[in-house]
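J.: Would you mind keeping the following structure in view while I ask a few things?
The values are calculated or read from the model by the stated rules, or taken from the named source; none is laboratory data. Given the structure is predicted, the values throughout are model-derived calculations rather than measurements. In this analysis, Cβ positions are derived from the backbone assuming ideal geometry, glycine residues included, and neighbour counts consider all displayed protein chains.
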């Protein structure tokens, strides 16, 4: 398992605005994605289904190292 890190934005903004999100869900998505793609700005998107989140798909954006978690968000469709 990689040594995952979190941006200040994630720790200070995302978790404050979305307290229902769990860090372990983000890690689960990165380790078992159902889809990945690169994004502008040397970032990467990962999608994964989270059973504890009502079976919804969670999108997680990382920095270019693919282990620094920047921004998660829920998605109904991918």
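J.: Output the number of the condition that residue 24 fails; it satisfies all remaining conditions of (1) in contact with a strand residue (DSSP E or B) (Cβ under 9 Å, 6 or more places away or on another chain); (2) not in a loop (DSSP other than H, G, I, E, B).
T.: Of everything listed in (1) in contact with a strand residue (DSSP E or B) (Cβ under 9 Å, 6 or more places away or on another chain); (2) not in a loop (DSSP other than H, G, I, E, B), residue 24 misses just condition (1).
J.: Something else about it: Can you name the residue in segment 27-38 that is over 8 Å from the mean Cα position of the chain (by Cα) and in a helix (DSSP H, G or I) and, of all such residues, is farthest from residue 58 (Cα to Cα)?
T.: In the first step, residues of segment 27-38 are kept if they are over 8 Å from the mean Cα position of the chain (by Cα); the result is 28, 31-38.
Still in the list and also in a helix (DSSP H, G or I): 28, 31.
Numbers: 28: 10, 31: 13 Å.
Among those residues, the one meeting the criterion is 31.
J.: Kindly provide the set of residues from segment 39-74 that are within 19 Å of residue 15 (Cβ to Cβ), at pLDDT 95 or above and over 13 Å from the mean Cα position of the chain (by Cα), ordered by number.
T.: The answer is none; no residue qualifies.
J.: Out of (1) surrounded by fewer than 14 Cβ atoms within 10 Å (Cβ to Cβ); (2) in contact (Cβ under 8 Å) with a residue 60 or more places away in the chain; (3) assigned to a strand (DSSP E or B), what's the single condition that is false for residue 69?
T.: Failing condition for residue 69: (1).
J.: Specify the residue that is nearest to residue 65 (Cα to Cα); the eligible residues are those in segment 24-55 that are in contact (Cβ under 8 Å) with a residue 40 or more places away in the chain and surrounded by fewer than 15 Cβ atoms within 10 Å (Cβ to Cβ).
T.: This residue is 35.
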